[in-house]
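Derivation of every value follows stated rules applied to the coordinates shown; laboratory data play no part. All figures in this text were calculated on a predicted structure; none of them were measured in a lab. Glycine gets a Cβ as well: all are built from the backbone with ideal geometry, and neighbour counts include every protein chain shown.
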Amino acid sequence: MNAFKSLDRSYTNARKWDLERGPFEDDFLPFSIADSDYKSPKPIIDALKKRVEHGAFGYNYIDESYEKAVANWFSRRYHFTVQKGEFFPAPGVVAALYLAVKGLTRKQDKVVIQTPVYPRFFDVIHDNHRELIDNKLVNINGHYTMDFFGLEEAFKQGAKMFILCNPHNPVGRVWTKHEIEQVVNLCKKYKVTLVSDEIHADIILKGHEFTSLGHYLDDYDQLMVCTSPNKTFNIAGLHLSNIVIRNPKMREAIHHELRVSHNCTPNLFATLACQVAYTECDDWVDAQNHHIEQNFKRLYAFFKLHVPQMKITKAEGTYLAWLDMSFLKKDSIYITKKVMDYGITLSDGNKFDPDLKDFVRMNLACSKDQLEAGLERFLNFILDELQA
Ligand SMILES: Cc1ncc(COP(=O)(O)O)c(C=O)c1O
């Protein structure tokens with residue numbers, strides 16, 4: 001059975017489907033916001049249904065079975081071990097990044113990120129009145145690497161924190177062990193707190209290996225790892241992350257921020273979904289990786305045939321395709337607005353790096369049918385523009 005069939009999410013309060021649809025009542029296909037357009041795994045749906053049918057939704061707590069499920073997922077899928085107390089839930093990864101910046105740095109401190117990157121990285125720094133240092137990724141013919149020289153310079157300038165996106169949204173890099181070790185060594189040398197956003201950790205394409213910062217908890221004590229089932233299982237609307245910190249002082253600072261900012265135990269449905277995801281859905285995750293891999297192949301083949309000028313970054317992980325549309329000589333603000341007339345949405349690359357104007361991001365976490373229909377519409381837009 002195909003678990004990745006089309007799912008019309010229109011008018012279900014899905015931001016991706018309802019807030020961006022423009023004039024389209026029906027027949028609209030979004031490829032923007034990073035969630036998936038097929039159902040979550042059946043064990044998760046069944047467990048949530050059962051809980052709903054029980055009918056009581058009072059104050060909850062998390063027990064050992066939840067902790068065991070999370071710790072086992074870390075050791076089974078990411079190959080690092082954690083002890084009880086070293087990890088705890090928070091209401092999502094963006095929330096965890098806010099906690100990190102607030103709890104582990106001070107006003108005006110310098111925080112380093114590497115653009116192009118998920119736009120909320122800018123918000124967590126600006127909203128907390130910290131100084132953003134952008135150590136841009138280096139794009140060599142569509143392959144992105146880190147600028148380690150620039151990173152060291154930023155650290156020499158007194159940066160207090162580095163937020164790493166691992167794997168990296170939007171360029172799809174799964175950082176190698178060698179690259180991760182260089183990051184850890186530099187952070188250690190300059191005593192920079194390292195925060196790793198690992199929300200895309202489970203979506204890894206063939207031939208690539210994910211290296212979690214969880215492996216380095218013993219090597220460096222200024223480390224915070226932010227994991228989440230949100231992207232993998234399409235449960236971002238339930239709001240959950242699991243934060244890993246080995247250093248007790250750092251952990252207490254984050255616990256304090258969590259108490260002050262959220263004052264709650266995590267959502268009942270979120271922790272239930274996570275526990276089931278991490279105990280009953282390994283095969284589904286592997287099948288999803290295969291499905292995403294096939295969608296990337298469809299995308300590459302489609303553009304190779306119809307628009308060979310399109311430069312597509314070769315994804316190693318995530319379900320996000322990063323497209324350089326400089327051949328069109330139209331900026332990405334225009335492109336993302338205009339493709340809506342053809343019944344699709346894309347994400348504007350300019351939001352991931354204000355200096356970029358030629359890039360768009362296309363989300364491939366959808367059925368084969370949705371992707372193929374969307375690509376045809378995208379092509380019609382491109383052909384019309386080329387003829388105009
Ligand atoms: C790198 C990255 N971090 C965090 C998030 C959002 O995390 P959450 O929904 O858990 O707050 C996203 C969503 O696209 C993302 O790509």
Legend entry - Debye equation applied to the C-alpha atoms of the chain, log10 I(q)/I(0) at 0.10 Å⁻¹: -0.65
Legend entry - Over segment 252-388: Kirkwood hydrodynamic radius from C-alpha pairwise inverse distances, Å: 17.6 Å
Legend entry - Whichever lysines have a C-alpha closer than 17 Å to that of residue 102, once near sequence neighbours (fewer than 8 apart) are set aside: 110, 160, 249
Inset, instruction - Compute the distance in nm between two label points, each set 7 Å from the Cα along the Cα-to-Cβ direction, one at residue 297 and one at residue 6. - result: 2.2 nm
Inset, instruction - Compute the relative contact order of segment 56-280 as a whole-number percentage, counting only Cα pairs closer than 8 Å that sit 6 or more residues apart in sequence. - result: 26 percent
Legend entry - Net charge of neighbours whose Cβ lies under 14 Å from the Cβ of residue 154, counting Lys and Arg as +1 and Asp and Glu as -1: +1
Inset, instruction - Name the residues whose placed amide hydrogens come within less than 5 Å of the amide hydrogen of residue 317, ignoring near sequence neighbours (fewer than 5 apart) on the same chain. - result: 174, 205
Legend entry - Percent RCO, i.e. relative contact order, over the chain, from Cα pairs under 8 Å lying at least 6 residues apart: 23 percent
Inset, instruction - Name the residue farthest towards the positive end of the dipole of the chain from the options 388, 275, 24, assuming +1 on Cβ of Lys and Arg, -1 on Cβ of Asp and Glu, about the Cα centre. - result: 275
Legend entry - Residues of type lysines that residue 39 reaches as a straight line, Cα spacing below 20 Å, ignoring anything fewer than 8 places off in the same chain: 5, 16, 49, 50, 231, 368
Inset, instruction - Please work out, to two decimal places, the log10 of the ratio I(q)/I(0) at q = 0.10, 0.12, 0.21, 0.22 Å⁻¹ from a Debye calculation in which every Cα of segment 23-170 carries one identical scatterer. - result: -0.58, -0.81, -1.31, -1.34
Legend entry - Set of aspartates and glutamates with alpha-carbon distance to residue 189 below 14 Å, sequence-local pairs under 8 removed: 152, 153, 181, 219, 221
Legend entry - Structure-based [θ]222 nm, the chain - -39500 (n - 2.57) summed over DSSP H runs of at least 4, per residue, nearest 500: -12000 deg cm²/dmol
Legend entry - Dipole-positive endmost among 266, 229, 248 within segment 172-301 (Cβ charges, Cα centre): 248
Inset, instruction - Can you check what the net charge comes to around residue 65, using other residues whose Cβ is under 13 Å from the Cβ of residue 65 (Lys, Arg +1; Asp, Glu -1)? - result: -2
Inset, instruction - List the residues whose amide H sits under 5 Å from the amide H of residue 109, counting only those 5 or more places along or on another chain, with H placed 1.01 Å from N in the peptide plane. - result: 131
Inset, instruction - Sort 192-203, 141-152, 52-63 for me by packing, meaning the mean count of neighbouring Cβ atoms within 10 Å per residue, highest on top. - result: 192-203, 141-152, 52-63
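Relative to 2.2 N^0.38 Å, what does the C-alpha radius of gyration of segment 56-280 come to as a ratio? Two decimals please.
On the way: Rg = 16.8 Å, N = 225, 2.2 N^0.38 = 17.2 Å.
Rg over 2.2 N^0.38 Å, computed on Cα atoms: 0.97.
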Inset, instruction - Pairs of Cα atoms under 8 Å, at least six residues apart: use those to get the relative contact order of segment 145-265, whole percent. - result: 21 percent
Legend entry - Student exercise, the chain dipole from Lys, Arg, Asp, Glu Cβ charges, in Debye to nearest 20: 500 debye
